[in-house]
Structures are given as C-alpha cells and as structure tokens.
Amino acid sequence: MASTDSRTPQTETEAGQHTPPGPRLAAHDLHLAYDGRTVVEGLELAVPTGRITAIVGANACGKSTLLRALARLLTPRQGVVELDGAPLRSIPTRELARKLGILPQTPVAPEGLTVLDLVGRGRSPHQTWWRQWSAADEEAVNGALAATGLTDLADRPVDELSGGQRQRAWIAMAVAQGTPVLLLDEPTTYLDLAHQIDVLDLITDLNRREGRTVVMVLHDLNHACRYADHVIAMKGGRIVAEGAPAEVVTEETVEHVFDLRCRITTDPVSGTPLVIPLGRHHDATVVATD
C-alpha cells in the first residue's frame, strides 16, 4: 500500500493481538550467474519484515533470479543471503523450509497427484519420524484449500485442472506450509482478472492476519502499487529504485525501467499510483477527465 495508508501494522493482527516479528531476510554484495553469464551484480537488499514487497522490472532483468537466490534455489557466485543474520547455506534444509516458503514460476506436480495430496505436501517440513500427521496439519491444509477456493476440487488430480486452478493449488500448498516468509514468483500467472484479485487479496490476508513477510515478483505495476507496501524496481540485474509505491512508481522510473512512456494518476479505489501507458497511437497531451 502507499505510504499514506493508515492500516494496522503487519506485526499486529486484525484482532489487535501482537505477533512476534518474522525472520529478517537480506542479501549482501550478491552476484548471481547462469551458465557463466552474470545476471545480478553487487546487489544489496533488506526485505521489510512483516510487509509485502513486490519486485518489478522488464523481462530478463533478474527478478526471478533474485527470488531463486533468496529461496536458496540458486547459489550466489559471490555474496550472501542471510536469514536473521545466518547465511542460508548454513541453515539445515528442514529448518529453512519451516521458515521460508517458495512458489516458483512453473512448478510441476507428479502425474496423478491430487490437489489434497499436493497441498498436504506443504506440511512435510513440520513432520519428523516421531511427529507424523496431526490435527494442526489437517487444519492447515483445510484452511489453505478453503482460502484458495479449492475445497470442492480436493480429490481432483492436479494435472486435470485448468491453468488457473492449478496455480491456485500450488498457492494453497505454499499457504499450508505456514512459513513466516513467503516468496512468490508471478503468483497471478494463468489467472483471469477475478482470480488474480482473489489471490492478491489472499496474500494480503496472510500478511495482515498473521504478519507473514511476502516477497513476490509481479508484472502488473498497478497490482504492485495496490498490494505492496514496498516496491523494488530492477533493471539489468540491479535495483534502480525501492521504497513505497508512490516513491518508486513514477513516470520517470517507469520509462527508465520498462522503456515505456506513461502517465501516473491516483487510483480512485486504493489511492495508490495508477499507471496509464502511452502507446504510439495515443496523444500524450490529451488528459481524460470525468
């Protein structure tokens, strides 16, 4: 949300009960590469705890690469990603999976796996040989299914779902995992507009009610402005601007980052910046009025 938003801080639940601050996620002097090609170079990042952060930028700017490094899915060539001051590489896998959840861009489920089984896999980090499936696991899975509108599809194989339903199933798994930090790579992919809003509202609910720290890669700048407290704009593997949406999403920054001329007005619903693109067939001097 914009910096003028007066809603309750994310470290406090809607019922007024304070929740402990989540773990701090940060990166220092981060260099990332694929096949010898540098994608991210010298990046410094401190993710706001208990807030929603949106990473935006043009294709191939390093957004998803950065998210993979934050999730320990990609080993840095140089530098370090830390959780509460400890390098990710030093944290045992099961412990990390209880603190940090990731929804990659194009996840693939085993053939024949049902929605219920997929969502249930989100509880794996919470189980050990002496602690198997519990009432808490059941509650977490049922809650995730209900929150994503998938209760009636629980017994359907994931590979028989539509693209939008499948994406919601993966989000439900990430929700059921119950981690205080949630990383989402383009969570609205394959969704129609109504379900995009449903998913973003769900993410906001998790943030407000439970204080979860959320970092998500988004393509839609207007969604980023409406739903994020903190926006990171990337270009060429570097952060070129970050802060509240109103500070980052300006006409100058959008043109620099996306090579797109635009006009910025105020969203009449949320009060956040609203990006109006200018194409070759539109006169930039014409201003629409009610």
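Under a 5 Å amide H to amide H cut-off, with H placed in plane at 1.01 Å, what residues pair with Leu113 once short-range neighbours are removed?
Under 5 Å from the amide H of Leu113 lie the amide H atoms of Val158, Asp159, each far enough along the sequence or on another chain.
What do you get for GluC sites (Glu not before Pro) in segment 29-120 restricted to DSSP loop and a cutoff of at most 14 other Cβ within 10 Å of the site's Cβ? Let's see the in-between values first.
Details: sites: Glu41, Glu44, Glu82, Glu95, Glu111; in loops: Glu111.
In loop regions of segment 29-120 (DSSP not H, G, I, E or B), the sparsely surrounded GluC sites (Glu not before Pro) are Glu111.
List every DSSP H helix in the chain whose Cα atoms extend 24 Å or more along the helix's own long axis and whose mean Kyte-Doolittle hydropathy is at least -1.0. Before the final figure, lay out each step's value.
On the way: long enough: 193-210 (25 Å, -0.21).
Those that pass (Cα extent of 24 Å or more, hydropathy at least -1.0) are 193-210.
Once Rh is set to the Kirkwood radius over Cα pairs, what Stokes-Einstein translational diffusion coefficient, in µm²/s, holds for the chain at a temperature of 20 °C and a viscosity of 1.002 mPa s? Walk me through the numbers on the way to the answer.
On the way: Rh = 20.0 Å.
For the chosen part, D equals 107 µm²/s.
I'd like the antiparallel share, as a percent to the nearest 5, of DSSP beta bridges with both residues in segment 25-277. Write down the numbers at each step before the final one.
On the way: 25 of 43 bridges.
In segment 25-277, DSSP labels about 60 percent of beta bridges as antiparallel.
Divide, for segment 106-222, the radius of gyration over alpha carbons by 2.2 N^0.38 Å, where N is the residue count. Each step should come with its number before you reach the end.
Details: Rg = 13.9 Å, N = 117, 2.2 N^0.38 = 13.4 Å.
Against the compact-globule rule of thumb, the ratio is 1.03.
Arranged from highest to lowest average of other beta-carbon atoms within 10 Å per residue, in what order do the peptides 163-171, 62-70 appear?
Values: 163-171: 21.1, 62-70: 23.2.
Packing proxy ranking, top to bottom: 62-70, 163-171.
Just check segment 71-128 against the gyration tensor rule for me: Cα atoms, a ≥ b ≥ c as the square roots of the eigenvalues, rounded for a/c under 1.5, and otherwise prolate or oblate depending on whether a/b exceeds b/c. It would help to have the intermediate numbers written out before the result.
On the way: a/c = 3.37, a/b = 1.73, b/c = 1.95.
Here segment 71-128 falls in the oblate category.
Given the C-alpha centroids of segment 210-236 and segment 258-272, what is the distance between them in whole angstrom?
Value for the Cα centre distance between the two parts: 15 Å.
Where a number appears in this text, it was derived from the coordinates with a stated rule and is not lab data. Keep in mind that this is a model prediction, so the values were computed, not measured. Don't worry about glycine lacking a Cβ; one is built from the backbone with ideal geometry, like all the others, and counts go over all protein chains shown.
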